[in-house]
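This report refers to the structure that appears directly beneath it.
The values are calculated or read from the model by the stated rules, or taken from the named source; none is laboratory data. Just so you know, these numbers come straight off a predicted model, no measurement behind them. Backbone-built Cβ (ideal geometry, glycine too); neighbour counts: all protein chains shown. Surface accessibility is based on the protein's heavy atoms, side chains included, excluding ligands, DNA and RNA. Shrake-Rupley method; radii C 1.70, N 1.55, O 1.52, S 1.80 Å.
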Amino acid sequence: MVRHFLDIHRLDAADLRAILDDAHARKQARKGWLKGRPDADAPGKDRVLAMIFEKNSTRTRFSFDAAIRQLGGSAIIATAADMQLGRGEPVEDTAKVLSRMVDAVMIRANDHEDVERFARVSTVPVVNGLTDRSHPCQILADLLTIEEHLGPVRGKTIAWVGDGNNVCHSFMHAAPKFGFRLNVACPAEYHPDLRDLEKGGAHVHLTSDPREAVVGADVVVTDTWVSMGDQDYEARLAAFEPYTVDAALMGLANDDAVFLHCLPAHRGEEVTDEVIDGPRSLIWDEAENRIHAQKAVLAWCFAGE
């Protein structure tokens, strides 16, 4: 059976834990190695990963390219505009064609349903590199970063401050799977999708007060207030102004609490320079860990064949 990685809530907790443990192990095994050297087991040897981008990308593009190379394989990269997708070819037709040409597909898409449609007919693994609904690979990289610095994430409290967006949704999906508490603080008009909130269950607490969310937290996370495709820039800036993560807000978290941001950051909006460049910020480790988390995801996908 083909293994797709589309959303965290779709996978068993044991599989997710195994993927994260593999990410830890693969990163540790590469210490001191050149970036282009394949892993010792090279589970992607002779495999080709297709990477399709409907949205601009820095971290997703470079990290997936590095990931498949370190697994021993190679990548073909295209934007939707480069392909017939950009001229209206049905998603299903593209999926059937690419299934005969490559060994896996990563898609960074506008519409989550397009990735679902692609996966339904694909005979090779499909990985969600980001959609308007979720960003599961980012959350695995975040959890890898947290565990490197604070130990097992189970029992920890993570505070999300800002927009109830796709990254927030994936954090909510992960909370019951990994056993952490997630406090989500956002304006009422920008709350997360209630269907995703339900997937978090009792592990997720929703509030409009960022201070309430951050008190006693082990990790504070935020993201941009205006994502690609959002049209209400001025309204968002006004609504989110009280949600800036600054030194005062971080001061309410635990003394050893860390700060995460998936980047790119709008400094002076969702986070101050003092926090994002401060000693509690792990954003550069977090960005690098996209490689290791995604290697583990791809290796898990390949192991299902």
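A few points about this structure:
- Helices (runs of 4 or more DSSP H) completely within segment 132-219 that count 1 or more residues being in contact with an Asp or Glu (Cβ under 7 Å, 6 or more places away or on another chain), surrounded by 17 or more Cβ atoms within 10 Å (Cβ to Cβ) and at positive phi: none
- Considering segment 220-241, the residues that are among the acidic types (Asp, Glu) and either outside the structural domain of residue 168 (by the TED database) or over 23 Å from the mean Cα position of the chain (by Cα) (or both) include one that is modelled with the highest pLDDT, namely 241.
- If you go through segment 98-129 and pick out every residue that is surrounded by 18 or more Cβ atoms within 10 Å (Cβ to Cβ), under 18 Å from residue 73 (Cβ atoms) and in contact with a helix residue (DSSP H, G or I) (Cβ under 9 Å, 6 or more places away or on another chain), you end up with 13.
- Residue in segment 32-72 that is farthest from residue 117 (Cα to Cα), counting only those that are of a type in the set (Ser, Thr, Tyr) and open to solvent by 20 Å² or more (accessible area, probe 1.4 Å): 58
- From the list 131, 157, the lone residue that is hydroxyl-bearing (Ser, Thr, Tyr) and either in contact with a strand residue (DSSP E or B) (Cβ under 6 Å, 6 or more places away or on another chain) or outside the structural domain of residue 55 (by the TED database) (or both) is 157.
- Some residue of segment 169-176 being over 15 Å from the mean Cα position of the chain (by Cα) and either over 20 Å from residue 23 (Cα atoms) or modelled with pLDDT of 95 or more (or both): yes
- Each residue in segment 1-17 was checked for being within 16 Å of the chain's Cα centre (by Cα) and part of a loop (DSSP other than H, G, I, E, B), and 4 pass.
- Options 95, 29, 18, 75; residue that is within 25 Å of residue 285 (Cβ to Cβ) and either open to solvent by less than 30 Å² (accessible area, probe 1.4 Å) or free of Cβ contacts under 8 Å to residues at least 24 places away in the same chain (or both): 29
- Among the residues here, residue 105 does not qualify as within 18 Å of the chain's Cα centre (by Cα) and in a helix (DSSP H, G or I).
Yes/no per residue for (1) assigned to a loop (DSSP other than H, G, I, E, B); (2) modelled with pLDDT under 95; (3) under 27 Å from residue 180 (Cβ atoms):
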{"site": "19", "(1), (2), (3)": "no, no, yes"}
{"site": "33", "(1), (2), (3)": "yes, no, no"}
{"site": "42", "(1), (2), (3)": "yes, no, no"}
{"site": "45", "(1), (2), (3)": "yes, no, no"}
{"site": "50", "(1), (2), (3)": "no, no, no"}
{"site": "56", "(1), (2), (3)": "yes, yes, no"}
{"site": "86", "(1), (2), (3)": "no, yes, no"}
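- Candidates in segment 259-280 are the residues that are open to solvent by 10 Å² or more (accessible area, probe 1.4 Å) and within 20 Å of the chain's Cα centre (by Cα); of these, the one that is farthest from residue 171 (Cα to Cα) is 266.
- Matching residues, segment 117-132, being of a type in the set (A, V, I, L, M) and closer than 16 Å to residue 167 by Cα: 127, 130
- Restricting the search to helices (runs of 4 or more DSSP H) fully inside segment 242-305 and requiring at least 3 residues that are assigned by the TED database to the domain that holds residue 16 gives 283-303.
- Whenever a residue of segment 100-122 is within 28 Å of residue 69 (Cβ to Cβ) and among the acidic types (Asp, Glu), it has no partner that is assigned to a strand (DSSP E or B) and modelled with pLDDT under 95 lying with C-beta atoms less than 6 angstrom away and at least six residues away or across chains.
- Selected residue (criterion: farthest from residue 63 (Cα to Cα)) from residues of segment 227-258 that are aliphatic (A, V, I, L, M) and open to solvent by less than 30 Å² (accessible area, probe 1.4 Å): 239
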